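Here is the structure we will look at.
The values are calculated or read from the model by the stated rules, or taken from the named source; none is laboratory data. Owing to the predicted nature of the structure, the values given are computational and were not obtained by experimental measurement. Methodologically, a virtual Cβ is constructed for each residue, glycine included, from the backbone with ideal geometry; neighbour enumeration extends over all protein chains shown. Accessible surface is based on the protein model in full, side chains and every heavy atom, while ligands, DNA and RNA are left aside. Shrake-Rupley method; radii C 1.70, N 1.55, O 1.52, S 1.80 Å.
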Amino acid sequence: VFGVLGAPPTLDPYARRATDLTLLLARPLYPSLFRFQPDGSVAAELASSLKVVPGGVRVTLARWLWSNGRRVTARDVVASVQRAKRPSGFAGLQARIVDPRSVELRGRTTGWRRALATAAFVLPGGRGQPARGVFGGPFVLDKHVPGLKATLTSNKEWAGDPHLERITVQFISSLEILVELLERKRLDAALVPSSINLDERETIRLDFASSRLPRAVRAAMAAGVNRTAIEAGLIRDDGRLTNVLHPGPEDRSARGAFFDLRGRRARPRGEILLT
């Protein structure tokens, strides 16, 4: 029994609403071409071989079955690549079917094995639809009660040994309740993120007011903020960064709200503010 803070809005790792918790729950349910080992090394999973070709690589698939007994094919890989978005290593790649068990991947990357092990899940037909009950990892989703829990049971079609018959993931609403459940031994383990309750925060501040730093130094520190990491880790598909204080009509898009690293953003729900 494993406890986590919050609940995933979706279990589809390539959906627009996917969160880090979605990716965490996807790992035991969906296979990847390559997978990270506990020591950080990369091992083949779906891939039986990888060959460098001009502009990319050609991957031949091992004989792998979905939980419904059907084979995993190159079509599944290509469809997954087409839907993938960051932080997936599939994001930005071009893929084409060579034959039912081979696919060519092209793109700007040098560490192909590590990229193809990074949240690069292969989904049946490229779609993560738990209601259909088709999975390819060591576990299948046996039951999902949104906002409460997800129960995973071992996949009978998986070639390896999952070591456990059942995993129950409980979605906990607060850190206090999570800690109490651990103390009472109602949970065997729990994941406590380094930043919690981000959905409840209105502002993330980097405040130099009492630092007495010169303006040039403050500006240099603000410029050194990794905006790409903030956008990928916090903003995701809920909006995008902008470099102007108050985004005008020409800066808006249909995707949603804006987060401004030089002042308050135009909408009241959440902001990143550098002062």
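Using packing as a proxy for protection, rank 23-29, 211-217 so that the peptide with the highest average count of other Cβ atoms within 10 Å comes first.
Peptide ranking by packing, descending: 23-29, 211-217.
Taking 0.36 nm per residue of sequence separation and subtracting the Cα-Cα distance, how much length would be gained by fully extending the chain between residue 230 and residue 37, in nm to one decimal? Could you put the intermediate results ahead of the total?
Values: separation 193, 0.36 × 193 = 69.48 nm, distance 2.68 nm.
Between residue 230 and residue 37, full extension yields 66.8 nm more.
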Heads up, region 1-122 by the C-alpha gyration tensor (a ≥ b ≥ c square roots of eigenvalues; a/c under 1.5 rounded, else a/b over b/c prolate, else oblate) looks prolate
So which trypsin sites (Lys or Arg not before Pro) in region 1-71 pass both tests, a DSSP loop state and at most 10 other Cβ atoms within 10 Å of the Cβ?
63
Shape call, region 1-65: gyration tensor on alpha carbons, a/c limit 1.5
prolate
What do you get for trypsin sites (Lys or Arg not before Pro) in region 108-172 restricted to DSSP loop and a cutoff of at most 15 other Cβ within 10 Å of the site's Cβ?
108, 127, 156
Find how many whole Å separate the alpha carbon centroid of region 82-102 from the alpha carbon centroid of region 134-150.
24
Separation between the residue 63 and residue 151 pseudo-spin-labels, each 7 Å from Cα along Cα→Cβ, expressed in nm?
3.4
Could you sort 104, 176, 157 by accessible area so the largest value comes first, with the probe set to 1.4 Å?
176, 157, 104
Rounded, prolate or oblate: pick one for region 89-133, where a ≥ b ≥ c are the square roots of the eigenvalues of its C-alpha gyration tensor, a/c under 1.5 means rounded, and failing that, prolate if a/b is larger than b/c, else oblate.
oblate
Quick check: with the 1.4 Å probe, what order do 144, 163 take by accessible area, largest first?
163, 144
